[in-house]
Amino acid sequence: MNALLAILFVLFPPDDNIKIKDAWMRPSSEKMATALYFVIENKSETADTLFLVDSDLAERVEIHETYSEGEMMGMRKVDFIVIEGQSSFELKPGAHHIMLMKLKKNINDGDKGEFMLHFKQAGEIKITATAKKQK
Ligand SMILES: [Cu+2]
């Protein structure tokens with residue numbers, strides 16, 4: 001391996017331990033909110049942590065969980081999601097999701113949006129989600 005390749009290898013280690021599947025989001029309107037869902041597969045022996053999601057679609061992007069207190073259902077921000085080694089974690093309606101707030105434009109059925117997911121181990125993973133009313 002020559003020096004340049006060695007440097008590139010250090011900067012961008014090939015890492016396919018984390019796989020993202022079935023990324024989708026609900027259609028919504030400018031200035032409103034919506035949610036992004038996907039499945040995280042961790043093929044590594046060790047746990048990984050999703051701690052940040054970036055998007056140009058919304059002014060604010062947060063990781064949310066859904067909780068219930070008695071009869072009440074609500075959702076709140078969490079700082080991260082841990083995906084145990086050799087397991088998968090599904091973000092889905094009624095559970096964890098990525099909250100997109102103050103959308104910068106309308107998201108119509110069939111539209112695609114790009115997101116950058118930040119993992120502690122796997123680094124940055126870019127995904128494309130398709131808007132649809134129902135999974
Ligand atoms: Cu939410």
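Among the residues of segment 110-127, just one is in contact with a Ser or Thr (Cβ under 6 Å, 6 or more places away or on another chain) and either within 10 Å of D48 (Cα to Cα) or assigned to a loop (DSSP other than H, G, I, E, B) (or both), namely K120. On the given criteria, is I98 modelled with pLDDT of 95 or more and farther than 24 Å from Y67 by Cβ? Spelling it out, it is not the case that I98 is modelled with pLDDT of 95 or more and farther than 24 Å from Y67 by Cβ. If you go through segment 1-42 and keep only what is at pLDDT 95 or above and open to solvent by 80 Å² or more (accessible area, probe 1.4 Å), you end up with K19, K21, D22, E30, K31, M32.
May I ask you to say which residue of S88, S68 is in a strand (DSSP E or B) and either at pLDDT 95 or above or surrounded by 12 or more Cβ atoms within 10 Å (Cβ to Cβ) (or both)? So the residue among S88, S68 that is in a strand (DSSP E or B) and either at pLDDT 95 or above or surrounded by 12 or more Cβ atoms within 10 Å (Cβ to Cβ) (or both) is S88. Looking only at segment 56-68, residues that are within 14 Å of the ligand (Cβ to nearest atom) and either within 18 Å of the chain's Cα centre (by Cα) or within 29 Å of K105 (Cβ to Cβ) (or both) come to 8 in all. Examine segment 110-130 for a residue that is more than 15 Å from the ligand (Cβ to nearest atom), on the phi < 0 side of the Ramachandran plot and in contact with a Gly (Cβ under 6 Å, 6 or more places away or on another chain), and state whether such a residue exists. Yes, the conditions are met somewhere in segment 110-130. Does segment 97-109 include one or more residues that are more than 15 Å from the ligand (Cβ to nearest atom), more than 24 Å from I18 (Cβ to Cβ), outside any loop (DSSP other than H, G, I, E, B) and open to solvent by less than 50 Å² (accessible area, probe 1.4 Å)? Among the residues of segment 97-109, at least one is more than 15 Å from the ligand (Cβ to nearest atom), more than 24 Å from I18 (Cβ to Cβ), outside any loop (DSSP other than H, G, I, E, B) and open to solvent by less than 50 Å² (accessible area, probe 1.4 Å), which makes the answer yes. When residues in segment 28-52 are screened for being within 16 Å of the ligand (Cβ to nearest atom) and touching an Asp or Glu at 6+ places or on another chain (Cβ under 8 Å), 2 of them pass. Here are E114, E71, E84: which of them is under 14 Å from the mean Cα position of the chain (by Cα) and free of Cβ contacts under 8 Å to residues at least 60 places away in the same chain? Answer to the selection: E114.
The values are calculated or read from the model by the stated rules, or taken from the named source; none is laboratory data. All values derive from a computational prediction rather than experimental measurement. Note: ideal-geometry Cβ built from the backbone for every residue, glycine included; neighbour counts use all protein chains shown. Surface accessibility is based on the protein's heavy atoms, side chains included, excluding ligands, DNA and RNA. Shrake-Rupley method; radii C 1.70, N 1.55, O 1.52, S 1.80 Å.
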